[in-house]
Amino acid sequence: MHFHVPGIYLRKEPIETDPIMPASSPRLTELAHGGGCGCKLAPSVLQSLLADQPMMGTFSQLLVGAETSDDAAVWQVDDNLAIIATTDFFMPMVDDPHDFGRIAATNAISDIYAMGGRPIMALAILGVPVSKLEPAVVRQILQGGASICAEAGIPVAGGHSIDAPEPIYGLAVIGLIRPDQVRRNAGAQAGDALILTKGIGVGIYSAAIKRGALPEGAYDEMIASTTLLNRVGSELASDPAVHGITDVTGFGLLGHSLEMARGSGLSLTIRQDAVPLLTHAQALAREGFVTGASPRNWDSYGSGIVLPEDCPDWQRMLLTDPQTSGGLLVACAADAADALVERIRAAGYPLVARIGTAEAGPPRVVVV
């Protein structure tokens, strides 16, 4: 039996009185075998699991389903309104519970913005090892998520919780959009420019955190990036020069670029020297601070990527680095790209950069 408390459903008995609750809580990352979007199943594993799932082509109102690995589902209500639905959750990549909640919520809401929509409501998803975490820690996770939802202007209207062996938190989010403004990862056009709105290196920073090697100031830089809402996506969707959008998360820049290439039936070229990086990402990658997701990502989709012959392993790990609450990858008309970059920068995304092009050719990603 459940009862409702702000933002979540919990057991009938208050957690505060549970006799098995600990006197103190361990570090969040000690309780999880992975963290952030690095927890995602490898692309090849996910593809095999979904291979025999029924396609939704018989539902004419379903504008976007699972066919092109897009960021969210879209259901058309009428000529002027469509509903966007998504869910995202993961294990902690940081030990601060409030920051964990903020990062997870920002990441979940991003899928709505990546489709060009406006979020209107969220439901919390919570799994906690109740015998290991103090109630105050769990409340901080929920409060962190609720603070980001408040920043996005939406309520956490409810949710569901379970007793789980590892801490898990995220959101199911509902958004709205005009059907003609939906922006898919399959919308890129030949001749388009590619824009990335945030820097790469979140997974590398999280690997350094686990080994106690993150440089001074880098944690604040990572939090600033991972809690920056991708709300600019809602604005970009109304611009006819913007043809496609996706967010860069657990599969890394190359993985999500390849999804755009395959969905659009185009060849994407990425200039590695133009890709924006978090301040210490390159140095840490050179020192071997990478997550287990980076090699898994490469093993899953490397056959669709063309790298320079002299590309070092650390550079490849940067490009496959799983991004938690990463930026938006935007495909737009080339003659509008520079103005869009400045517009996005003015909206609060200082590392935004023009990183490549989309051209006719076999669906793949070429790094130069």
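Listing for the model above:
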quantity: Residues satisfying the stated conditions in region 125-141, i.e. over 17 Å from Val173 (Cβ atoms), not small (Gly, Ala, Ser) and not in a helix (DSSP H, G or I); calculated: Val128, Pro129, Val130, Lys132, Leu133, Glu134
quantity: Residue check, Ala285 touching a residue at least 24 places away in the same chain (Cβ under 8 Å) and buried (at least 24 other Cβ atoms within 10 Å of the Cβ); calculated: yes
quantity: Given (1) farther than 25 Å from Thr68 by Cα; (2) buried (at least 21 other Cβ atoms within 10 Å of the Cβ), number of the condition Gly250 does not satisfy; calculated: (1)
quantity: Hits in region 318-339 (condition: among the hydrophobic types (A, V, I, L, M, F, W, C) and either surrounded by fewer than 24 Cβ atoms within 10 Å (Cβ to Cβ) or in a strand (DSSP E or B) (or both)); calculated: Leu328, Leu329, Val330, Ala331, Cys332, Ala333, Ala334, Ala336, Ala337, Ala339
quantity: Identity of the residue in region 107-119, of a type in the set (A, V, I, L, M, F, W, C) and part of a helix (DSSP H, G or I), that ends up nearest to Asp247 (Cα to Cα); calculated: Ala114
quantity: Test for Asp95: is it closer than 16 Å to Ala32 by Cα and not hydroxyl-bearing (Ser, Thr, Tyr); calculated: yes
quantity: Meets criteria (touching a strand residue (DSSP E or B) at 6+ places or on another chain (Cβ under 6 Å), part of a strand (DSSP E or B) and buried (at least 24 other Cβ atoms within 10 Å of the Cβ)) for Ala122; calculated: yes
quantity: Matching entry among Ala188, Ala193, Ala172, Ala208 (being under 22 Å from the mean Cα position of the chain (by Cα), in the same structural domain as Arg354 (by TED's automatic domain parsing) and under 25 Å from Leu62 (Cβ atoms)); calculated: Ala188
quantity: Residues located in region 271-280, provided they are in contact (Cβ under 8 Å) with a residue 40 or more places away in the chain and either in a helix (DSSP H, G or I) or charged (D, E, K, R) (or both); calculated: Arg271, Gln272, Ala274
quantity: Residue within region 281-301 that is out of contact with any helix residue (DSSP H, G or I) (no Cβ under 9 Å at 6 or more places or on another chain), in the same structural domain as Gly244 (by TED's automatic domain parsing), outside any helix (DSSP H, G or I) and modelled with pLDDT of 95 or more present; calculated: no
quantity: Every residue from region 340-364 that is part of a strand (DSSP E or B), over 19 Å from Ser110 (Cβ atoms) and of a type outside the set (D, E, K, R); calculated: Gly356, Thr357, Ala358
quantity: Elements of type strands (runs of 3 or more DSSP E) contained in region 5-106, each with 2 or more residues being at pLDDT 60 or above; calculated: 62-64, 73-78, 81-90
quantity: Residues of region 142-161 satisfying the condition of being on the phi < 0 side of the Ramachandran plot and either outside any helix (DSSP H, G or I) or out of contact with any helix residue (DSSP H, G or I) (no Cβ under 9 Å at 6 or more places or on another chain) (or both); calculated: Ala150, Ile154, Pro155, Val156, Ala157, His160, Ser161
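The values are calculated or read from the model by the stated rules, or taken from the named source; none is laboratory data. Since we're looking at a predicted model, the values are computed, not measured. Every residue, glycine as well, gets a Cβ built from its backbone with ideal geometry; the counts of neighbours run over all protein chains shown.
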